């Protein structure tokens, strides 16, 4: 059994012990930040809700009864019902799956692309750096939502195309972060030693530079999750993301905007869900930045 003393040993006996010790020290620092722990709790709750939506949802999120339409919160409809008589709570619970899917897919596609582009540009320099960074600047010149709208308009509406469009517009900031980190380490002594050993440029990037960029990239990805959620909700609101009757939060707000004055709960409840999840990712990202920032102790 792994003990606290073993993890905090000043003289680890193996690389695994050293790595686990660093992770444990980071966790100790992270959990001292109450707001960061709140953000982590919100993210864990989102994952649990998405996984158990079938069990937690009291009603069918797709079909409803018109006789139950626009019921106020309370009774059989805890958060009210929409204009189709569907339970808003059930639709929010199922909608968390789409939110989590978008966040996960964008993170595993945009971040690696940005890491590859940024490390290649920073390490190789010259024309490679100029070309890759000018392409990055072109993407950064347009607001993310506007560029995502252009891609979705070209690809067609739908949740898959919305995810692809968001991923295509999310990688440039990660490339910038990776390039900046690469420029700080490419002339380090251990990189010079790697060159003397005859290690190829590709292996130097993958084995020596990319691992140094990952902590900063993780922080940036986490902080960007709120913006990704809002972009996805914006596409859904405009009818270019998830299509009816899918219970996506942005589309739910769009369907409830015409009832905002009298039946406020139809649009307000999914809006609150977006706010809480976005806040959770922001708080978690801030705490993660404090832990992973190598200058935090200075």
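Against the chain, whose longest principal axis comes from its Cα atoms, helix 126-140 is set at around 20 degrees. The Rg/Rh ratio for the chain is 1.06, where Rg is the radius of gyration of the alpha carbons and Rh is the Kirkwood radius.
Output the 0 to 90 degree angle, nearest 10, between the alpha-carbon long axis of helix 15-31 and the longest principal axis computed from the alpha carbons of the chain. Helix 15-31 sits roughly 50 degrees off the main axis of the chain. Could you list log10 I(q)/I(0) for region 1-120 at q = 0.09, 0.10, 0.21 Å⁻¹, which the Debye formula gives when each Cα is one point scatterer? Cα-only, vacuum Debye calculation for region 1-120: -0.50, -0.58, -1.10. Across all Cα pairs in region 56-101, the calculated P(r) in 5 Å bins from zero up to the longest distance comes to 6, 27, 31, 21, 9, 5, 0 percent per bin. Taken over region 84-209, the ratio of Cα radius of gyration to 2.2 N^0.38 Å equals 1.39.
Eigenvalues of the Cα gyration tensor times 5, then square-rooted: what semi-axes does that give for region 180-228, in whole angstrom, largest first? Intermediate values should be presented prior to the final figure.
Details: eigenvalues 155, 20, 8 Å².
Listed largest to smallest, the semi-axes of region 180-228 are 28, 10, 6 Å.
Could you state, as a whole-number percent, how many of the C-alpha pairs of region 148-210 are farther apart than 15 Å? Considering region 148-210, 62 percent of its Cα-Cα pairs are separated by more than 15 Å.
If you run the Gaussian network model on the chain, springs between alpha carbon atoms under 10 Å, then out of 57, 273, 194 the most flexible one is 194.
Which order results if 174, 24 are arranged by neighbouring Cβ count within 10 Å, fewest first?
Values: 174 26, 24 15.
In increasing order of surrounding Cβ atoms, one gets 24, 174.
Please report the base-10 log of the normalised intensity I(q)/I(0) for region 225-287, using a Debye sum with one equal scatterer per alpha carbon and no solvent, at each q in 0.15, 0.16, 0.18, 0.26 (1/Å). Debye output, listed in q order: -0.45, -0.51, -0.62, -1.03. Sorted largest first, the principal axis extents computed over the alpha-carbon atoms of region 1-66 equal 68, 25, 16 Å.
Considering only 93, 79, 260, the Gaussian network model of the chain with Cα springs below 10 Å gives its largest mean-square fluctuation to 260. Here region 219-254 and region 94-168 have alpha carbon centers that stand 15 Å from each other. Grouping the Cα pair distances of region 140-278 into 5 Å bins from zero gives a pair-distance distribution of 2, 9, 15, 15, 13, 11, 9, 7, 6, 5, 3, 2, 1, 0, 0 percent in increasing distance order. The angle between the Cα long axis of helix 159-185 and the main principal axis of the chain comes to about 30°, on a 0 to 90 degree scale.
Throughout, read-outs are computed from the coordinates displayed, never taken from laboratory work. Because the structure is predicted, anything quoted here is derived from the model rather than measured. Counting neighbours? That spans all protein chains shown, and the Cβs are built from the backbone with ideal geometry, glycine included.
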